[in-house]
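Everything on this sheet refers to the single structure shown next.
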Amino acid sequence: MDLIDIFQRLGLALAIGAAVGVERHWRERDEPEGARIAGIRTFTLIGMTGGIAGLLDQGLTPDGLSGLVVASFLLAVAMVMLRFGLMEARAEGSFSATTVIAGITTFGLGALAVLGDMAAASAAGAAMVTVLASREFLHGAIRRLTWVELRSAVVLLAMGFVLLPLIPATPYGPFGGVLPRSLVILVIMLASISFVGYVAVRLIGGGRGDLVAGAVGGLVSSTASTLAMARQSLAVADGSAGPAAGAIAAGSVSLVRTGLLLLALAPAIAERLLWGLLVAGALMMVVAVSLVARKGATSEAALPTNPFELLQVLKMALMITVIAFLARAASQVFGDAGLYAVSGLTALADVDAATVTVAGMLPTLSVEVATIAVSIAIVSNMVAKVVYAAAIGTKGFAARLAVATLVAIGSGVIVTLAAGLI
């Protein structure tokens, strides 16, 4: 380690301490001098102390006793922070250990900056400052979220870190079989997107209008959101512009989500369809915003259902499994026409299952056939939502959704063909 490297590493240790100190000092900026346990100067010194301890450990510790100096310094810093933390707690009647833990962590990151990976130390320091500065947001979020959402998050973690490693990766069944591990990964991915949308609605609140709730509901299911908005249009006394804006926004988000899903699962298909999906989704969002701006729709929107109820997760897994089997069987028995039929019929209820299934079949399908199958599924789902709107909602609601859908399909086809020609 040359002199320039030493200065760089010590500088990073100082910067980490200063960043944490700024946040801690700002939070207690109204406290009189000497009333806070640690501020910008103290935390900067703690970061530097960690860096110096790392340098001393490298230069003084004999082989076999590596880390002894750092551990000694860490014990001393922890004792000092704990002592003053207890004094502050007794004086203020507080039971928070955040500042004490932040001081110990700052020392550790200062030592890591000198002894280990500077990028890891820098990233961890930024993450710590972000967590510390997000106190009000995090506390507010915890107060607003219920046990149902927390339980759902636990299910997600269990699926990803407990269940997934136990699932076999070998295929089972005829027609190429089904890969259980791949299915679980896809279920986790789709459910995670839905969970983000659900939490966003819980934090934002449905009372901010049909547009926001419809857009976020599109992350869960644009078909379900359209049905909910169609029923709501019957109860709106001042017109159906608000529910129509929500349904159109849900369709817009669904198109963008499908494009991103293809980008992650099947880049070859995304290369052909992504721009068309993005343009179509953008135009639908423009129509939705214009409806709200013109009509001033502010009616209460229905919240999406919790996507992480165990029953819904099992239904999603079962649906994807059945559709994957039918698509593979139809493709092998009836050829490309069978796959197209399955994709179109499946998308009458949900476009994600058809998209995921075709993307998973791509190694055994040509890109052209897979692209056509996904395109059929997207258009089928969009047209089906217009039919549902006409059957359940008001005429004005269905007409607005039909116009937006026609604009989206037409623009998407034109952009996709143009991109293919280029």
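The values are calculated or read from the model by the stated rules, or taken from the named source; none is laboratory data. Just so we're clear, the structure is a prediction, and the values are computed from it rather than from any experiment. Here Cβ is always computed from backbone atoms with ideal geometry, including for glycine, and neighbour counts include all displayed protein chains.
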- Write out, first by first residue and then by second, each pair whose Cβ atoms fall under 9 Å of each other, whose residues are 6+ apart or on separate chains, and whose first residue, in region 288-299, is surrounded by 14 or more Cβ atoms within 10 Å (Cβ to Cβ) while the second is at pLDDT 55 or above and of a type in the set (Val, Ile, Thr). Ala288/Ile248; Leu291/Ile248; Ala297/Val236; Thr298/Val292; Ser299/Val236
- Among (1) of a type outside the set (D, E, K, R); (2) farther than 26 Å from Leu211 by Cβ; (3) in contact (Cβ under 8 Å) with a residue 24 or more places away in the chain, where does Ala347 come up short? (2)
- Examine region 149-164 for a residue that is part of a helix (DSSP H, G or I), at pLDDT 75 or above, small (Gly, Ala, Ser) and not assigned by TED's automatic domain parsing to the domain that holds Ile188, and state whether such a residue exists. no
